[in-house]
Amino acid sequence: MAQVEIQLLPADVGEGLVGELAALVNRVYAEAEAGLWAVDVPRTTEDELAEQIRAGEIAVAWLDGRIVGGVRVRRLESGEAEFGMLVAEPAHRGAGVGSRLVNFAEQRGRELGAEVMQLEVLMPRSWKHPFKEYLDAWYTRLGYRVVRVGRFEESYPRLAPHLAGPCDFRVYQKGLR
């Protein structure tokens, strides 16, 4: 079996690849956040992704010339590195694509001079979402700890009306040194 390769996308990547990645991100998030949204809210757009790619923030996992995952990594103004928009092609889940992307994100965070990596997970307030509970356990096994719980509507007022019910976001952190 071929090896998964992970690399930052170059700023001049073609529109076709941006569209393919946007479709993957939106498809994976639609499944992973089923029941959380009252309406179909895409996780990203091609324009947003293109801007993040130009900023050097998007890495993808390749297998046999195909994109099988992706992640956004950036340094926050507060000094922490943050990863988000982590996706793995459902057909390749359990094959280590997600773990490899997290490892890449952590290494990239170190390269950016950060001592802490951070991520956010959207969680329903009044019920347990099976995939979100899985993510909580997985991130905990990887060494991440919840450092703060925020009310989604306070941080993302534009998106909050589209939720099916009240949600919080959990902020997880892990030391990189």
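Hey, got a sec? Which GluC sites (Glu not before Pro) in segment 33-105 land in a DSSP loop and have at most 16 other Cβ atoms within 10 Å?
Within segment 33-105, the qualifying GluC sites (Glu not before Pro) (loop, at most 16 other Cβ atoms within 10 Å) are Glu77.
Only bridges whose two residues both fall in segment 5-175 count here: according to DSSP, what percent of them are antiparallel, nearest 5?
In segment 5-175, approximately 95 percent of DSSP beta bridges are antiparallel ones.
With a cut-off of 18 Å, note down the residues of segment 88-102 whose backbone N falls inside the zone around a label point 7 Å from the Cα of Thr140 toward its beta carbon.
Inside the label zone: nothing.
Per Stokes-Einstein, at 37 °C and 0.692 mPa s, what whole-number D in µm² s⁻¹ belongs to the chain, with the Kirkwood radius over Cα pairs as the hydrodynamic radius? Before the final figure, lay out each step's value.
Numbers: Rh = 16.8 Å.
Approximately 196 µm²/s, per Stokes-Einstein.
For segment 95-101, just list the computed ³J(HN,Hα) in residue order, Karplus coefficients 6.51, -1.76 and 1.60, θ = phi - 60°, integers in Hz, with x standing in for Gly and Pro.
9, x, 4, x, 4, 5, 5
Say R0 is 22 Å: what FRET efficiency, to the nearest 0.05, do Ala164 and Ala23 get from their beta-carbon distance? The partial results should precede the final answer.
On the way: r = 23 Å, r/R0 = 1.05.
That pair, Ala164 with Ala23, gives E of 0.40.
Considering Cα pairs under 8 angstrom that are at least six residues apart, work out the relative contact order of the chain and quote it in whole percent.
Result for the chain is 22 percent.
Suppose every K and R has +1 on its Cβ and every D and E has -1 on its Cβ; what is the size of the dipole of the chain about the Cα centre, in Debye to the nearest 20?
On the way: 22 positive and 26 negative charges, 156 e Å.
Using Cβ point charges on Lys, Arg, Asp and Glu, the chain gives about 760 debye.
Loop only by DSSP, 16 or fewer other Cβ within 10 Å of the Cβ. Give me the GluC sites (Glu not before Pro) in segment 107-177 that pass, ordered by residue number.
Details: sites: Glu111, Glu115, Glu120, Glu133, Glu153, Glu154; in loops: Glu115.
When the GluC sites (Glu not before Pro) of segment 107-177 are filtered for loop state and at most 16 Cβ neighbours within 10 Å, Glu115 remain.
Take Leu112 and Arg125, extend 7 Å from each Cα along the Cα→Cβ direction, and tell me the distance between the two endpoints in nm.
Placing both labels 7 Å along Cα→Cβ, they lie 3.0 nm apart.
What is the Cα coordinate range of segment 62-111 on the first, second and third principal axes, sorted by size from largest, in whole angstrom?
Result for segment 62-111: principal-axis Cα extents of 36, 18, 17 Å.
Loop-only chymotrypsin sites (Phe, Trp or Tyr not before Pro) in segment 87-138, please: DSSP not H, G, I, E or B, and at most 14 other Cβ atoms within 10 Å.
Sparse-neighbourhood loop chymotrypsin sites (Phe, Trp or Tyr not before Pro): Trp127.
Any read-out appearing in this document is the output of simple, stated calculations on the displayed coordinates, not a laboratory observation. Since we're looking at a predicted model, the values are computed, not measured. Heads up, the Cβs are rebuilt from the backbone with ideal geometry, glycines too, and the neighbour counts pull from every protein chain shown.
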